[in-house]
1. Name every residue in segment A:134-149 that is closer than 25 Å to A:Gly365 by Cβ and not in a strand (DSSP E or B), in order of residue number.
2. Every residue in segment A:231-252 that is within 14 Å of chain B (Cβ to nearest Cβ) and either surrounded by fewer than 24 Cβ atoms within 10 Å (Cβ to Cβ) or not β-branched (Val, Ile, Thr) (or both), please.
3. Taking segment B:191-208, which residues are surrounded by fewer than 20 Cβ atoms within 10 Å (Cβ to Cβ) and more than 14 Å from every other protein chain (Cβ to nearest Cβ)?
4. For segment A:199-222, how many residues are part of a helix (DSSP H, G or I), within 22 Å of A:Gly308 (Cα to Cα) and among the aliphatic types (A, V, I, L, M)?
5. Can you pull out every residue in segment B:136-149 that is free of Cβ contacts under 8 Å to residues at least 60 places away in the same chain, closer than 24 Å to B:Gly308 by Cβ and hydrophobic (A, V, I, L, M, F, W, C)?
6. Within segment B:209-229, is there a residue that is surrounded by fewer than 23 Cβ atoms within 10 Å (Cβ to Cβ) and in contact (Cβ under 8 Å) with a residue 60 or more places away in the chain?
7. Going through segment A:167-186 one residue at a time, which ones are buried (at least 22 other Cβ atoms within 10 Å of the Cβ) and away from every other protein chain (no Cβ under 14 Å)?
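Computed from the coordinates by the stated procedures, all read-outs in this text should not be read as laboratory data. Just so it is clear, the structure is predicted and the values come from calculations on it, not from any experiment. Neighbour counts run over all protein chains shown; Cβ positions are idealised from the backbone, glycine included.
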Number of protein chains: 2
Amino acid sequence: MPATTGDSATTANYVVISSDCHGGADIGAYRPYLESRYHDDFDAWAAGFDNPYDDVKGPEAGRNWDSARRLAELEADGVVAEVVFPNTIPPFFPKVSLVEQPPGASAGDLERRWAGLRAHNRWLADFCADAPGRRAGVCQIMLHDVEGSVAEIRWAAEHGLTGGVLLPGAPPGSGVPPLYAPDYEPIWQVCEELGLPVNHHSGSAAPDMGDYPAASAIFLLEVTWWAHRTLWHLIFAGVLERHPDLQFVFTEQGTAWIPDELTRLDYYHGRLAGAGGASGSQEARFGGSLGKLSLTPSEYWARQCQLGSSFIRRHEVDLRHRVGVDRIMWGSDFPHLEGCWPWSKEHLRLAFAGVPTEEVRAMVGANAARVYGFDLDALAPLAERFGPSPADVAAPLAPADLPDESLRCPAFAAARFLGT
Amino acid sequence: MPATTGDSATTANYVVISSDCHGGADIGAYRPYLESRYHDDFDAWAAGFDNPYDDVKGPEAGRNWDSARRLAELEADGVVAEVVFPNTIPPFFPKVSLVEQPPGASAGDLERRWAGLRAHNRWLADFCADAPGRRAGVCQIMLHDVEGSVAEIRWAAEHGLTGGVLLPGAPPGSGVPPLYAPDYEPIWQVCEELGLPVNHHSGSAAPDMGDYPAASAIFLLEVTWWAHRTLWHLIFAGVLERHPDLQFVFTEQGTAWIPDELTRLDYYHGRLAGAGGASGSQEARFGGSLGKLSLTPSEYWARQCQLGSSFIRRHEVDLRHRVGVDRIMWGSDFPHLEGCWPWSKEHLRLAFAGVPTEEVRAMVGANAARVYGFDLDALAPLAERFGPSPADVAAPLAPADLPDESLRCPAFAAARFLGT
């Protein structure tokens, strides 16, 4: 799979692909992508909307939608291709769509928000077409409309959104069935048929935490768990069993949780599916639904799951053989301020110095190429201009030498202050 | 605190108190405890109710409410006192109240169910009075009625329910504010004022998982997490800061999770409360609400939290110094079939053989005496008749020698099949 062989496998620059970037249009720029029957509603909404985010308005926001600027900033950071998750506010949403679940939205709001996401998808297709082979755009759907989501996924496949689908969460209270419900079977079917990965990004699966003083701290404590649980929801509901070619990606939710979690899931799978359940045992009371799983959870993981390992930490890289070297995809979280951009080259040294070149090559780009269909050969010349060399990444970086400003990224702060 | 000193501290039988037992009345027996205005409703409800549980009807169910039988069965198991959580179905409930959250219940149902729980509390006060000093009954409340709950807690304190309060969960979709909401401040206040512990029992905090094939397996995978999260909800909402004398108990949700969880919470507390948050960092975005916490999460734990460590496993006992030897309270989960009853003596040997006597004494009874107000001196004569001696518990038990029927308890199954 790597584009390089022989000597060049050890000396060619790394083709660095960020598996976790974010982008979107400025609010007004969505209008032409919106079905015309929503234009009057849109004008009224946009006139009254007060954008609550500093980083998706103002002069810095342009990197979300300015194609040339974005390419230049990523290249300067050593990155030649990217997976594009949403970031800005689509029409009719009160917040960024990634963290805005539908609870409380009236049917009318849901219909209009769905139109807003479709506008984003159409804008995104054009944005990706501006840089062929370098952007895998991720299509947004809404779980309250499974049939419409299936149609949208087909549209996305036909229009070059190779990033696949962003699977929202379905937490309790969200008004849609949980992800282990059979209701979503048509979505799994169409993604498998079209070879599109299903992405689950941290932040999109948490419930409404309410407007309480401690809510934002507790959101931060729990946000990755809400995303993680989708792994066992899908496995134990048999989704990975019934769709062996379907690929899932768990993005920006850490890496270190995987080995112990797989051990735990394998343990429960053994208890629930095993034949030894005595009368009155939890096996007897809770088992029965698991007879159809032909693999263990860790075997499904190895076959069909991967991580978007945004700003992966060194102690997580040390777990790579238990996670699977082929399951880890580095990401920068560009343009988020808690990401490792614009210090990705420093981050790669922190995370990967001393790791064998071929393993680094897989984790920083080749795995993402496999999952999202990037052409490594086509990207190799760009990597020679912009990418780091194996020698660059192999040079250890002392945490004391990190720029102070970089400490806003948890990975850099942990390296400096915790030594991990 | 232990009742024994000098030589007797090493030779006296252990005063074994189960921090996790369950009981309740048969359905009809609740009627006289129900306010008379609900009697007609009750008769109509009871006539149509089909009890879904084999273990709270039929000949085995009597141990839930037959005082003499229960004492004899616990004594035969080596246990001289117990904390009594609910088990049977109170008036107007479709299931056992421990796992039945209010979502979807109409206001009328909530009012009637609340009357049903009050009837249980009154029955329980009589049941505890049947065996003075040997039963700490746990009072049930309903979170939709904070004012009424406070009144009920005062009633419970006046009527000898020394087990304190069963704090239900408040998961998303349950229709009540989350436990980190300020709404519950009057409950914390009255429990602190009266010196009543607040108990959070696994199973009571999970949301409605829906009626899907995988739901019961996923419930089993997640049920302890739903209970665990209450720990950080209460800490980060400042409940333990504002109420330094309030004691919390986390029951039947494992023990091994505590050391790593406290490390994680301390880490986040440091990030969120620390002064080093750079612009754009998560600290800057999410902090602010934590300035009022004068202790770290692990310090609150050591001051105000303990575990009801039902059928604790050996590898968890090995973590006791990181959890706190004074934080662990053994429990049998009587009369549940997944508990270690009627093999508690075997379980104590599996879990504690080789552990210093004074540490065992704390974990099997003295800690529970401190939290629930049992009088160890008064119980010592019963322990001499029924309890295991230090020499009994110090005798290792080979997992191969466990009765096959005991394997329905996960602790025994793990010892036999996993060696843990």
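1. Across segment A:134-149, the qualifying residues are A:Arg134, A:Val138.
2. At the first step, the residues of segment A:231-252 found to be within 14 Å of chain B (Cβ to nearest Cβ) are A:231-242, A:252.
A:Leu231, A:Trp232, A:His233, A:Leu234, A:Phe236, A:Ala237, A:Gly238, A:Leu240, A:Glu241, A:Arg242, A:Glu252 - these are the residues of segment A:231-252 that are within 14 Å of chain B (Cβ to nearest Cβ) and either surrounded by fewer than 24 Cβ atoms within 10 Å (Cβ to Cβ) or not β-branched (Val, Ile, Thr) (or both).
3. B:Glu192, B:Glu193, B:Leu194, B:Gly195
4. Let us first name the residues in segment A:199-222 that are part of a helix (DSSP H, G or I), namely A:215-222.
Of the ones still in play, those that are also within 22 Å of A:Gly308 (Cα to Cα) are A:219-222.
Next cut, among the aliphatic types (A, V, I, L, M) only: A:220-221.
Summing the residues that are part of a helix (DSSP H, G or I), within 22 Å of A:Gly308 (Cα to Cα) and among the aliphatic types (A, V, I, L, M) in segment A:199-222 gives 2.
5. Narrowing segment B:136-149 to residues free of Cβ contacts under 8 Å to residues at least 60 places away in the same chain: B:137, B:139-149.
Imposing the further condition that a residue be closer than 24 Å to B:Gly308 by Cβ reduces the set to B:137, B:139-143, B:149.
Across segment B:136-149, the qualifying residues are B:Cys139, B:Ile141, B:Met142, B:Leu143.
6. No, the conditions are met nowhere in segment B:209-229.
7. Hits for segment A:167-186 are A:Leu167, A:Pro168.
Yes/no matrix, rows are residues, columns are (1) in contact with a helix residue (DSSP H, G or I) (Cβ under 8 Å, 6 or more places away or on another chain); (2) assigned to a helix (DSSP H, G or I); (3) closer than 30 Å to B:Ala378 by Cβ:
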site	(1), (2), (3)
B:Val84	yes, no, yes
B:Leu98	no, yes, yes
B:His120	yes, yes, yes
B:Ile153	yes, yes, yes
